[in-house]
Amino acid sequence: MKKAMKLGAIAVTASMIFAGLSACGSSTQGNKTADGKTVIKIQTFNNFGYEKSTAAKPGADLFAEYEKLHPNIKIESTVASSSDEARTAFNSSISTGSNSYDIFAVDIAWWPSIRAIGNKFMDLKDYTKNNNWPDWVVKTGTDDSGRLIGAGTDIGPTALCYRQDLFEQAGLPTDREQVKELFGGENATWDKFFEIGQRYTQKTGKPFIDNLGDVAAAMKVQKEEVYVSKDDKVIATEDGIHDMYNLLTKNANLSAGVSTWSDDWNASFNSPNGFAVLTCPAWEVNNVKGNAGADFRGWNVADVFPGEAGTDQGGSWLTIPESSPVKEEAAKLVAWLTNPEQQSKVFVAASNFPSSPKAQATPEVADKTDDFLNNAPTGKIFANRAETIKHIPYINAKYYDIDSKFGAALDRVDCTKEQTPEESWKQFVEDVKALS
Amino acid sequence: MSEKQQASVASSGRFAVFSYKATPYLYVAPFFILFLVVGLFPLLFTVWVAMRNYNTITGDSGWAVCGAVCGTRDQSLVGNFQWVLHQRDFWMAMRNTVSIFLLSSVPQIIAAVFIAWVLNANLKAKTFWRMGVLLPYVIAPSACGIIFSQIFSDKSGAFNVLLQTIGLAPIAWHADTLASHIAIATIVNFRWTGYNSLILLAAMQAIPTDLIEAAVVDGAGKARTFFSVTLPLLKPTLIFVILNSTIGGLQIFDEVQMFNNGTGAAGGANNQFLTVSLYLYNLGFNKVTIGESNIGRAAAVAWLLFLVIVLVAVVNFSITRKLADAETRGKKRMQKKAQ
């Protein structure tokens, strides 16, 4: 859910009001309610699909179901509007040991700092024997001494979303099988992707992609080492990233130059002059729908993605601090929420794609189609994409500090157009130096 | 009366004196105890943290170290300060903060004095106008930020659409440094001008009418009355308003955070509108890079910001006093001449 970090701050305000209301409504004392139920407090962010379904945030209402199954449990859930906001609460709770929550949802970006204090989190291995994850999800959630401290929820297999109405105007195929072939099917490459983009933009004069940063985000996670090498050397200013930067900035003319999550970006989704393709993690379908309007029928998704390996963008884990007074009960809840059955329910209700291969194979998931995407078989498409994901890049403490500087470097060329690619790269090199 | 009784009266007398003397202090004690706990202690603790190698997650690990940017791994009390002063981002943030402060406070206070002066005249539906100018103040700063960040969107924003319909080039609100400062200053001014006007209006109404009348009888025009009578008498209130907007202006955060609009570096791709508070927040609370003294460095930024605010406030205070004094002296000279 890395990409979904900044939702509108309207939601901040709204969630604060609701947090305030629920704080007044509950009559809990410590970790027991007045009638003796055990209270488990959980913090998630954006939309994990656990809550009651609303128009803006679809959900499978899992907490109510769990409370029904376990009448002695009461779940108090807080949904932060962005992972940044959730992280601030997480940091202060963990560093002071205040136990604000018993279960914290964590973003992939938090792992370097969680691993540094791995022993402050509970080992979930014994509780999650019936859960089912691919290796890389388990590996990310495991600390240096081999304890499983994070239980994987969803993952972000990425496919290619495209505007079939704009493709049609440009004389490109609109059928998702033909689009798959157009981009090269299983052998799709980034060179081919940009070549098609150049043809599209030259013919129509319209932007092909939303911004360079979004494409870069999908490109870089296909590598095993991005900004830092596995022996913790900074390689961000060496050839690997520089080549990627050059390829991207050479194609800056394809970009609409609208920063992801900005109002301009939101307004582009149903515009006749909007961008034509979007690198689309499963969960982002919700955002596309929200911005384009549920009745808009221009978007489609093809079972293809450029690059040598599959792309995972986002994905989350649930963790429990060792100091939680109800950690056994919390661990049972975490195991239940992340087991294949519940993961399927979440995908059916919302679009968060299950990390569990077993869940991916269930008929509810595999046969899901999305009428917003012109009845695309999203279950099958994202499962195929997930299968190509073999790893995520090596991430250490420096990774995301450098990442934000790299994003800014692309923005300076693409969105704010204030520097040439060479000037911006020079500044990026200096920025990386200053981070030490 | 026995000796015993006398002693008891005397002692109760001593108690009465004590309680008479101590009671006022007891009454003000709650504020000072609260201030000690939530004000002074954090303030002093920040000094401590600013000198330590302190990470939000892993905690305190000895005296601060400046690191590679200073070319030294030695521990020192000022390591965090040195690191901060070596950061280009910090100086950009300082520049932006001062620029946004000037662009907001100066026009805002001049406008506020003018609006107060207009409101002080005999208007119809006085209360309506007075409430009207205060109305933006009820909107929360972040809400203002959201509204204006939509108006100032680079492509779909109302302002740029308007400019384009009348045939002008759109303004790059998020790319151009000065444009972004003006946009943010607009958000601040929208919210605070009315508030300052009302405070100044209250001060204007406290000016005795006979002074104004005397000036009018002496043949002073509207402008002359305003500059020679009203403005000097507003001095104490002006000092208050200016100090307040100095403190608030240099700490600006919400509006800038909301103005960012979208992902990417908060403060702009090239730090166009990164302010010191935003820099502090990013350093201390958003990034918790393990192995770095993130909260220690943020504490150092907080102290540097504090020093700048004190400096600017002192300068503003003395300028305001001098200006107003000059007015009064000028008036006295005139009186002497008249004699």
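Computed quantities for the displayed model
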{"quantity": "Residue that is farthest from A:Gly49 (Cα to Cα), among those in the stretch A:74-88 that are in contact with a Phe, Trp or Tyr (Cβ under 8 Å, 6 or more places away or on another chain) and assigned to a helix (DSSP H, G or I)", "calculated": "A:Thr88"}
{"quantity": "Residues of the stretch A:134-149 that turn out to be buried (at least 19 other Cβ atoms within 10 Å of the Cβ) and under 19 Å from A:Ala330 (Cβ atoms), as a count", "calculated": "4"}
{"quantity": "Those residues of the stretch A:219-229 which are crowded, with 24+ Cβ neighbours inside 10 Å and within 14 Å of chain B (Cβ to nearest Cβ), in sequence order", "calculated": "A:Tyr227"}
{"quantity": "Per-region count, the stretch B:74-110, residues assigned to a loop (DSSP other than H, G, I, E, B), farther than 23 Å from B:His181 by Cβ and within 14 Å of chain A (Cβ to nearest Cβ)", "calculated": "1"}
{"quantity": "Filtered residues of the stretch A:58-77 (kept if in contact (Cβ under 8 Å) with a residue 40 or more places away in the chain, under 21 Å from A:Phe353 (Cβ atoms) and crowded, with 20+ Cβ neighbours inside 10 Å)", "calculated": "A:Gly59, A:Ala60, A:Leu62"}
{"quantity": "Out of B:Leu103, B:Leu77, B:Leu40, sole residue that is under 30 Å from B:Asn196 (Cα atoms) and surrounded by fewer than 13 Cβ atoms within 10 Å (Cβ to Cβ)", "calculated": "B:Leu40"}
{"quantity": "Identity of the residue in the stretch B:245-266, small (Gly, Ala, Ser) and within 8 Å of another protein chain (Cβ to nearest Cβ), that ends up surrounded by the most Cβ atoms within 10 Å (Cβ to Cβ)", "calculated": "B:Gly264"}
{"quantity": "Candidates A:Ala80, A:Ala89 - the one that is crowded, with 16+ Cβ neighbours inside 10 Å, under 20 Å from the mean Cα position of the chain (by Cα) and within 23 Å of B:Ile290 (Cα to Cα)", "calculated": "A:Ala89"}
{"quantity": "Contacts under 6 angstrom Cβ, first residue in the stretch A:21-41 being over 10 Å from A:Ile73 (Cα atoms) and hydrophobic (A, V, I, L, M, F, W, C), partner exposed (fewer than 10 other Cβ atoms within 10 Å of the Cβ) and modelled with pLDDT under 80, 6 or more apart", "calculated": "A:Ala34/A:Ser27"}
{"quantity": "Every residue from the stretch A:232-267 that is touching a residue at least 40 places away in the same chain (Cβ under 8 Å), more than 8 Å from every other protein chain (Cβ to nearest Cβ) and polar (S, T, N, Q)", "calculated": "A:Thr237, A:Asn246, A:Thr249, A:Asn251, A:Asn253, A:Ser255"}
{"quantity": "Scan of the stretch A:289-330 for residues that are over 14 Å from A:Ile75 (Cβ atoms) and part of a helix (DSSP H, G or I), ordered by number", "calculated": "A:Lys289, A:Gly290, A:Asn291, A:Ala292, A:Lys327, A:Glu328"}
{"quantity": "B:Trp63 being touching a Lys or Arg at 6+ places or on another chain (Cβ under 7 Å), away from chain A (no Cβ under 11 Å), closer than 18 Å to B:Glu292 by Cβ and of a type in the set (Phe, Trp, Tyr)", "calculated": "yes"}
{"quantity": "Hits in the stretch B:145-160 - residues which are facing chain A (nearest Cβ under 9 Å), assigned to a helix (DSSP H, G or I) and not hydrophobic (A, V, I, L, M, F, W, C)", "calculated": "B:Gly145, B:Ser149, B:Gln150"}
{"quantity": "Only listed residue being assigned to a helix (DSSP H, G or I) and under 30 Å from A:Val413 (Cβ atoms), chosen from B:Val216, B:Val241, B:Val256, B:Val229", "calculated": "B:Val256"}
{"quantity": "Test: residue in the stretch B:169-177 that is part of a helix (DSSP H, G or I) and either under 25 Å from the mean Cα position of the chain (by Cα) or closer than 23 Å to B:Leu233 by Cα (or both)", "calculated": "yes"}
{"quantity": "Identity of the residue in the stretch A:389-429, modelled with pLDDT of 90 or more and of a type in the set (S, T, N, Q), that ends up farthest from A:Asp303 (Cα to Cα)", "calculated": "A:Gln427"}
{"quantity": "Residue, surrounded by the most Cβ atoms within 10 Å (Cβ to Cβ), within the stretch B:267-290, restricted to residues that are hydrophobic (A, V, I, L, M, F, W, C) and more than 9 Å from chain A (Cβ to nearest Cβ)", "calculated": "B:Phe273"}
{"quantity": "Cβ pairs under 6 Å, 6+ apart, first in the stretch A:403-429 and more than 10 Å from chain B (Cβ to nearest Cβ), second among the β-branched types (Val, Ile, Thr)", "calculated": "A:Pro421/A:Thr249; A:Pro421/A:Val413; A:Val429/A:Thr237"}
{"quantity": "Residue within the stretch A:162-177 that is part of a loop (DSSP other than H, G, I, E, B) and under 22 Å from the mean Cα position of the chain (by Cα) present", "calculated": "no"}
{"quantity": "Residue within the stretch A:227-238 that is outside any loop (DSSP other than H, G, I, E, B), closer than 25 Å to A:Tyr162 by Cα and either of a type in the set (A, V, I, L, M) or modelled with pLDDT of 95 or more (or both) present", "calculated": "no"}
{"quantity": "Qualifying residue in the stretch B:102-113 (condition: under 28 Å from A:Lys417 (Cβ atoms) and not small (Gly, Ala, Ser))", "calculated": "yes"}
{"quantity": "First in the stretch A:289-318 and on the phi > 0 side of the Ramachandran plot, second anywhere and at pLDDT below 90 and charged (D, E, K, R), Cβ under 7 Å, 6 or more apart", "calculated": "A:Gly314/A:Lys2; A:Gly314/A:Lys3"}
{"quantity": "Among residues of the stretch B:33-51, those that are over 22 Å from the mean Cα position of the chain (by Cα), in contact (Cβ under 8 Å) with a residue 24 or more places away in the chain and within 21 Å of A:Ser98 (Cβ to Cβ), counted", "calculated": "1"}
{"quantity": "Scan of the stretch A:164-180 for residues that are over 27 Å from A:Ala361 (Cβ atoms) and in contact with a strand residue (DSSP E or B) (Cβ under 6 Å, 6 or more places away or on another chain), ordered by number", "calculated": "A:Gln164"}
{"quantity": "Listing of helices (runs of 4 or more DSSP H) fully contained in the stretch A:356-436 that carry 3 or more residues being closer than 28 Å to A:Glu308 by Cα", "calculated": "A:357-361, A:378-387, A:399-414, A:421-434"}
{"quantity": "The listed residue being in contact with a Lys or Arg (Cβ under 7 Å, 6 or more places away or on another chain), of a type in the set (Asp, Glu) and away from chain B (no Cβ under 14 Å), out of A:Asp126, A:Asp102", "calculated": "A:Asp102"}
{"quantity": "Residues satisfying the stated conditions in the stretch A:129-148, i.e. free of Cβ contacts under 8 Å to residues at least 60 places away in the same chain and either in a loop (DSSP other than H, G, I, E, B) or of a type outside the set (Val, Ile, Thr) (or both)", "calculated": "A:Lys129, A:Asp135, A:Lys139, A:Asp143, A:Asp144, A:Ser145, A:Gly146, A:Arg147, A:Leu148"}
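Per-residue answers, yes or no, for (1) outside the structural domain of A:Arg147 (by TED's automatic domain parsing); (2) basic (Lys, Arg):
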site: A:Lys250; (1), (2): yes, yes
site: A:Ser255; (1), (2): yes, no
site: A:Asp264; (1), (2): yes, no
site: A:Ala267; (1), (2): yes, no
site: A:Asn270; (1), (2): yes, no
site: A:Glu284; (1), (2): yes, no
site: A:Phe296; (1), (2): yes, no
site: A:Pro306; (1), (2): yes, no
site: A:Pro325; (1), (2): no, no
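The values are calculated or read from the model by the stated rules, or taken from the named source; none is laboratory data. Just so we're clear, the structure is a prediction, and the values are computed from it rather than from any experiment. Quick reminder, even Gly has a Cβ in these numbers, built from the backbone with ideal geometry, and neighbours come from all protein chains shown.
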